[in-house]
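Chemist: Handing you this structure, nothing more for now.
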Amino acid sequence: MGMTMTQKILAEHAGLEKVYPGQLISTTVDMVLANDITAPVAIREFNRTGRPVFDNEKIALVLDHFTPNKDIKAAEQSKLVRDFARQHDIVNFYDVGQMGIEHALLPEKGLVLPGDAVIGADSHTCTYGALGAFSTGVGSTDMAAAMATGKVWLRVPPAIRFNLTGELQKYVSGKDVILHIIGMIGVDGALYQSMEFGGPGLQSLSIDDRLCIANMAIEAGGKNGIFEVDDQTVEYVRQRTEKPFKIYQADEDAEYTAVYNINLSEIRPTIAFPHLPENTRTLDEVTTRIPIDQVVIGSCTNGRISDLRAAADILVGKKVAPGVRTIIFPATQAIYKEAMEEGLIRIFIDAGCAVSTPTCGPCLGGHCGILASGERAVSTTNRNFVGRMGATDSEVYLASPAVAAASAVLGRIASPYEL
């Protein structure tokens with residue numbers, strides 16, 4: 001029996017010729033990541049070891065969740081991380097003014113490469129599989145151990161294969177693809193499995209699309225999501241770093257627990273109704289009028305430049321509906337600057353949107369967009385659990401930037417084809 005992409009990467013990093021699903025291994029890591037919520041717990045545990053960090057260039061600390069600090073507690077959390085970064089001379093430390101939303105920032109900085117093994121004390125660390133890396137979320141105590149040793153214990157996951165064909169239609173993006181998949185297999189459909197994406201349909205998916213899809217592998221229960229490396233991947237990485245990397249391909253006889261064939265040309269704009277990402281419908285199936293109070297465009301899922309362009313394409317020359325708060329969160333400072341230079345920020349402001357500094361903010365009910373009792377939001381974020389963005393009786397509908405922008409203009413859940 002051959003190995004999948006993930007299994008090959010883990011075998012290499014564990015110093016083993018072969019690994020098997022279910023096998024418990026100790027593997028080296030190329031990057032350890034945490035943010036202002038998860039890092040303080042790890043730092044306190046790490047300090048109990050009395051050891052130095054294993055490599056000050058292989059730890060990334062990004063203050064992005066409650067920053068700019070929303071209250072005294074958030075400020076204290078961030079200060080703890082700042083002091084640790086200074087003490088241990090952490091090279092990849094990103095604070096207000098330099099930081100971005102972590103899972104957009106690390107690929108942008110060239111800190112994740114094909115073939116890497118990456119762990120992060122954040123569940124959406126699986127994002128980096130878009131670049132052909134193994135990346136997964138871990139607990140803060142696992143992160144503390146990894147900061148000291150450069151290693152982590154993992155159980156080798158089995159895999160599901162997604163063969164992609166066809167091309168995306170206009171106004172259809174990677175967000176629609178992953179919502180379609182989660183709606184098809186459920187929020188536990190890939191439980192502790194690797195979601196492996198390949199096939200000729202990859203040509204239709206930009207790197208931004210792939211980052212979005214891999215980001216939400218965890219919403220299907222996946223251990224990680226991972227994409228085959230192609231010319232697009234190599235070009236993206238080479239624009240950001242000259243560091244060497246290794247490309248892994250699944251063996252022809254690799255074993256999968258399931259294989260799904262997905263024709264991208266058949267996917268329509270899709271939205272996830274409350275309160276689970278699997279509760280999906282295409283916009284064609286939404287026949288009732290559902291008014292909304294807020295729209296959020298941004299996050300580690302959909303705050304990249306292509307996402308902002310998609311939103312601006314809908315909003316240009318239009319106004320958001322009265323009573324609909326529309327908040328735009330560019331995912332990094334570089335994306336913010338690029339959007340400004342392209343005139344996208346002007347389009348958003350002229351349309352009546354608020355444009356924020358990069359932050360995770362409302363995605364986790366943190367700040368900059370909390371929902372009151374009974375309010376509804378269309379959001380390009382990745383989760384819509386009960387109380388995720390505020391009051392427990394508020395509602396979050398997950399959608400692409402194009403759908404979110406169209407909904408902002410019409411004041412209700414809407415398809416971009418309506419404009």
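Chemist: Kindly state which strands (runs of 3 or more DSSP E) lie completely within segment 260-307 and contain at least 1 residues that are surrounded by fewer than 18 Cβ atoms within 10 Å (Cβ to Cβ).
Modeler: 280-282
Chemist: Please state which of the following conditions residue 147 fails to meet, knowing it meets all the rest: (1) open to solvent by 30 Å² or more (accessible area, probe 1.4 Å); (2) in contact (Cβ under 8 Å) with a residue 40 or more places away in the chain; (3) at negative phi.
Modeler: So the condition that residue 147 fails would be (1).
Chemist: Given the conditions (1) closer than 20 Å to residue 306 by Cα; (2) in contact (Cβ under 8 Å) with a residue 60 or more places away in the chain; (3) of a type in the set (A, V, I, L, M, F, W, C), and given that residue 250 satisfies all but one, which numbered condition is not satisfied?
Modeler: (1)
Chemist: Go through 75, 104 for me and flag whichever is more than 21 Å from residue 141 (Cα to Cα), out of contact with any strand residue (DSSP E or B) (no Cβ under 6 Å at 6 or more places or on another chain), hydrophobic (A, V, I, L, M, F, W, C) and assigned to a helix (DSSP H, G or I). Before you say what the answer is, go through the steps one by one.
Modeler: Numbers: 104 fails: out of contact with any strand residue (DSSP E or B) (no Cβ under 6 Å at 6 or more places or on another chain).
Of the residues listed, the single one that is more than 21 Å from residue 141 (Cα to Cα), out of contact with any strand residue (DSSP E or B) (no Cβ under 6 Å at 6 or more places or on another chain), hydrophobic (A, V, I, L, M, F, W, C) and assigned to a helix (DSSP H, G or I) is 75.
Chemist: For residue 219, state whether it is surrounded by 15 or more Cβ atoms within 10 Å (Cβ to Cβ), among the charged types (D, E, K, R), outside any loop (DSSP other than H, G, I, E, B) and modelled with pLDDT of 95 or more. Working first, answer last.
Modeler: Working: surrounded by 15 or more Cβ atoms within 10 Å (Cβ to Cβ): yes; among the charged types (D, E, K, R): yes; outside any loop (DSSP other than H, G, I, E, B): yes; modelled with pLDDT of 95 or more: yes.
Yes.
Chemist: For segment 334-355, name all the residues that are touching a strand residue (DSSP E or B) at 6+ places or on another chain (Cβ under 6 Å) and either assigned to a helix (DSSP H, G or I) or at pLDDT below 95 (or both).
Modeler: 345, 348
Chemist: Considering only segment 17-31, I want to know if a residue exists there that is assigned to a loop (DSSP other than H, G, I, E, B), at pLDDT below 95 and in contact with an Asp or Glu (Cβ under 7 Å, 6 or more places away or on another chain).
Modeler: No, there is no match, as no residue in segment 17-31 is assigned to a loop (DSSP other than H, G, I, E, B), at pLDDT below 95 and in contact with an Asp or Glu (Cβ under 7 Å, 6 or more places away or on another chain).
Chemist: Are there any pairs, at least 6 apart or on different chains, whose C-beta atoms fall under 6 Å, with the first in segment 357-374 and on the phi < 0 side of the Ramachandran plot and the second of a type in the set (S, T, N, Q) and outside any loop (DSSP other than H, G, I, E, B), and if so, which?
Modeler: Pairs found: 358/332; 363/299.
Chemist: Related question: Which one of these is buried (at least 20 other Cβ atoms within 10 Å of the Cβ), modelled with pLDDT of 95 or more, touching a Ser or Thr at 6+ places or on another chain (Cβ under 9 Å) and part of a loop (DSSP other than H, G, I, E, B): 359, 381?
Modeler: Criteria check complete, one pass: 381.
Chemist: Condition first: open to solvent by less than 50 Å² (accessible area, probe 1.4 Å) and of a type in the set (D, E, K, R). Now tell me which residues in segment 37-95 satisfy that.
Modeler: Passing the criteria: 55, 64, 95.
Chemist: Return yes or no: is residue 212 in a helix (DSSP H, G or I), open to solvent by less than 10 Å² (accessible area, probe 1.4 Å) and closer than 30 Å to residue 48 by Cα?
Modeler: no
Chemist: Name, by its number, the condition in (1) touching a residue at least 24 places away in the same chain (Cβ under 8 Å); (2) hydrophobic (A, V, I, L, M, F, W, C); (3) touching a helix residue (DSSP H, G or I) at 6+ places or on another chain (Cβ under 6 Å) that does not hold for residue 345.
Modeler: With respect to (1) touching a residue at least 24 places away in the same chain (Cβ under 8 Å); (2) hydrophobic (A, V, I, L, M, F, W, C); (3) touching a helix residue (DSSP H, G or I) at 6+ places or on another chain (Cβ under 6 Å), residue 345 is out only on (1).
Chemist: Could you tell me which residue of segment 222-253 is nearest to residue 160 (Cα to Cα), considering only residues that are open to solvent by less than 50 Å² (accessible area, probe 1.4 Å) and of a type in the set (Phe, Trp, Tyr)?
Modeler: Going through the qualifying residues, I end up with 227.
Chemist: Select from segment 1-36 the residues that are of a type in the set (S, T, N, Q) and closer than 20 Å to residue 255 by Cβ and write down the one among them that is surrounded by the fewest Cβ atoms within 10 Å (Cβ to Cβ). It would help to see each step written out before you state the result.
Modeler: Of segment 1-36, the ones of a type in the set (S, T, N, Q) are 4, 6-7, 23, 26-28, 35.
Filter once more, so that each one left must be closer than 20 Å to residue 255 by Cβ: 4, 6-7, 23.
On the way: 4: 27, 6: 31, 7: 28, 23: 16.
By that ranking, first place goes to 23.
Chemist: Give me the pairs: first residue in segment 37-56 and assigned to a helix (DSSP H, G or I), second residue exposed (fewer than 14 other Cβ atoms within 10 Å of the Cβ) and at pLDDT 95 or above, beta-carbon distance under 9 Å, and six or more apart or on different chains, which are they?
Modeler: The qualifying pairs are 40/76; 43/83.
Chemist: Is segment 118-135 home to any residue that is closer than 27 Å to residue 251 by Cα, assigned to a loop (DSSP other than H, G, I, E, B) and of a type in the set (S, T, N, Q)?
Modeler: Scanning segment 118-135 turns up no residue that is closer than 27 Å to residue 251 by Cα, assigned to a loop (DSSP other than H, G, I, E, B) and of a type in the set (S, T, N, Q).
Chemist: Check segment 365-377 and report whether any residue there is over 15 Å from residue 65 (Cα atoms), open to solvent by 10 Å² or more (accessible area, probe 1.4 Å) and of a type in the set (A, V, I, L, M).
Modeler: Yes: segment 365-377 contains one or more residues that are over 15 Å from residue 65 (Cα atoms), open to solvent by 10 Å² or more (accessible area, probe 1.4 Å) and of a type in the set (A, V, I, L, M).
Chemist: I want to confirm something. Restricting to segment 222-233 and keeping residues that are touching a residue at least 24 places away in the same chain (Cβ under 8 Å) and outside any loop (DSSP other than H, G, I, E, B), which single residue is farthest from residue 116 (Cα to Cα)?
Modeler: Across segment 222-233, the extreme among qualifying residues is 232.
Chemist: Check 321, 310 and return the single one that is farther than 23 Å from residue 212 by Cα and either among the aromatic types (Phe, Trp, Tyr) or crowded, with 16+ Cβ neighbours inside 10 Å (or both). Show your work before the answer.
Modeler: Numbers: 310 fails: farther than 23 Å from residue 212 by Cα.
Of 321, 310, the one residue that is farther than 23 Å from residue 212 by Cα and either among the aromatic types (Phe, Trp, Tyr) or crowded, with 16+ Cβ neighbours inside 10 Å (or both) is 321.
Chemist: So which of 313, 307, 293 is among the acidic types (Asp, Glu), farther than 19 Å from residue 175 by Cα and modelled with pLDDT of 95 or more? Spell out how you get there, then give the answer.
Modeler: Working: 313 fails: farther than 19 Å from residue 175 by Cα; 307 fails: farther than 19 Å from residue 175 by Cα.
None of the other options fit; the residue is 293.
The values are calculated or read from the model by the stated rules, or taken from the named source; none is laboratory data. What you are looking at is a predicted structure, and each value in this text was computed from that prediction instead of being measured. Backbone-built Cβ (ideal geometry, glycine too); neighbour counts: all protein chains shown. Heavy atoms of the whole protein, side chains included, go into the accessibility calculation; ligands, DNA and RNA do not. Shrake-Rupley method; radii C 1.70, N 1.55, O 1.52, S 1.80 Å.
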